[in-house]
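In what follows, a single structure is set out as structure tokens and then discussed.
The values are calculated or read from the model by the stated rules, or taken from the named source; none is laboratory data. Fair warning: this is a prediction, and the values are worked out from it, not measured in the lab. Counting neighbours? That spans all protein chains shown, and the Cβs are built from the backbone with ideal geometry, glycine included. Quick note on the areas: whole protein, heavy atoms, side chains included, nothing else; ligands and nucleic acids left out. Shrake-Rupley method; radii C 1.70, N 1.55, O 1.52, S 1.80 Å.
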Amino acid sequence: MIQRRYKYYKKFANALYTMPIYNYKMRAGASIIHPHAQIFVSNIIPNVIIKEMEGSEKYFQKHANCVFCAMNEHEIKMKKRIIYESKRFIAYTFFAARFPFEIWLLPKEHLSNFEKEDKEDIKELASAMKSIIKKLYTVLKDPSLNFFIHSLPNTLDDAKFFHWHIEITPRIVGIGGYELGSGVIIDIMSPEIAADYLNNRRKS
């Protein structure tokens with residue numbers, strides 16, 4: 001359904017950006033009691049997306065490689081932050097996390113547009129999301145969380161420097177005064193400890 005909406009807004013709507021989101025529980029900003037997802041479509045490209053694109057394009061110009069692909073390769077080599085891996089997808093606690101246990105889920109093969117994933121990939125993605133959410137539910141005792149998809153703006157058909165991905169952010173701690181005043185986020189847990197906790201506590 002989300003893929004179909006991406007394609008619709010890109011073809012028929014005068015909109016620059018599409019972002020599917022999921023808020024679970026009040027701490028994560030859910031305004032409706034029952035579980036629900038939403039798709040936000042706007043005539044602006046969010047600042048976070050602009051920064052991601054500018055940073056990844058700069059990296060590509062310098063290294064001739066997608067920074068997201070490089071991240072995947074690094075995580076596979078290091079084997080310290082991975083919490084899920086399959087043939088097509090990989091998920092790891094993000095090294096520059098904003099929240100404890102923040103997880104990024106990415107396709108292993110470079111693809112800049114979420115809506116271009118084929119049916120088999122979407123089935124595997126659903127399995128990946130189920131596994132990750134279940135792990136968070138079990139280990140963190142059903143936490144509040146958000147997840148959202150970052151894909152290319154509707155004005156672009158492809159980009160060698162950008163890689164679509166899902167960011168999953170459990171909301172087990174709040175944001176303090178320094179974060180609000182400065183815009184600088186302080187994560188109180190290292191991603192390596194978070195990954196180890198998720199991987200090993202679930203087994204025990």
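What does the helix-only formula give at 222 nm for the chain: each DSSP H stretch with n ≥ 4 adding -39500 (n - 2.57), the total divided by the residues, and the result rounded to the nearest 500 deg cm²/dmol?
Taken over the chain, the calculation gives -12000 deg cm²/dmol.
Once the convex hull of the alpha carbons of region 1-126 is built, what does its volume come to per residue, in cubic angstrom? Don't jump to the answer; show the numbers that get you there.
On the way: hull volume 18.7 nm³, N = 126.
Hull volume over Cα atoms, normalised by residue count, gives 149 Å³.
What's the ranking of 163-171, 10-18, 139-147, 94-102 by average number of surrounding C-beta atoms within 10 Å, highest first? Intermediate results must be reported in sequence, preceding the final value.
Numbers: 163-171: 21.6, 10-18: 14.9, 139-147: 17.3, 94-102: 19.6.
Final packing ranking: 163-171, 94-102, 139-147, 10-18.
With a 1.4 Å probe and every protein chain left in place, work out the accessible area per residue of the chain in Å², rounded to a whole number.
57 Å²
Tell me which of Ile44, Asn72, Gly55 sits at the most positive position along the dipole axis of region 39-83, charges placed on C-beta atoms (Lys, Arg +1; Asp, Glu -1).
Looking along the dipole axis, the top candidate is Asn72.
Rank Asn47, Asn72, Asn23 by mean-square fluctuation in a GNM of the chain with C-alpha springs under 10 angstrom and give only the top-ranked residue.
Maximum among the listed residues: Asn47.
Can you give me the three principal axis dimensions of region 64-130 from its C-alpha atoms, in Å, biggest first?
33, 31, 21
Work out the length of the dipole vector of region 83-198 about its Cα centre, built from +1 on the beta-carbon of each Lys and Arg and -1 on the beta-carbon of each Asp and Glu, and round it to the nearest 20 debye. Could you put the intermediate results ahead of the total?
Working: 13 positive and 17 negative charges, 62 e Å.
For region 83-198, the charge dipole is close to 300 debye.
Please identify the helices of the chain, taking whole runs of DSSP H, that span at least 27 Å along their own axis as judged from the Cα atoms and have a mean Kyte-Doolittle score of -0.5 or higher. Kindly include the intermediate steps, with their values, before the conclusion.
Details: long enough: 119-139 (30 Å, -0.13).
Span-like helices here: 119-139.
Taking square-rooted eigenvalues a ≥ b ≥ c of the alpha carbon gyration tensor, is region 135-204 rounded, prolate or oblate, where a/c under 1.5 means rounded and, failing that, a/b exceeding b/c means prolate? Working shown, then result.
Values: a/c = 2.30, a/b = 1.37, b/c = 1.68.
Oblate shape, in that a/c is at least 1.5 and b/c is the bigger or equal ratio.
Using a Gaussian network model of the chain whose springs link C-alpha atoms within less than 10 Å, name the residue from Ala159, Ala128, Ala194 with the highest mean-square fluctuation.
Ala159
Once neighbouring chains are kept in place and the probe is 1.4 Å, which whole percent of the accessible area of the chain is contributed by carbon and sulfur?
Values: 6640 of 11580 Å².
Roughly 57 percent, rounded to a whole number.
With +1 on each Lys and Arg Cβ and -1 on each Asp and Glu Cβ, how big is the dipole of the chain about its Cα centre, in debye rounded to the nearest 20? It would help to have the intermediate numbers written out before the result.
Numbers: 30 positive and 22 negative charges, 118 e Å.
Roughly 560 debye, rounded to the nearest 20.
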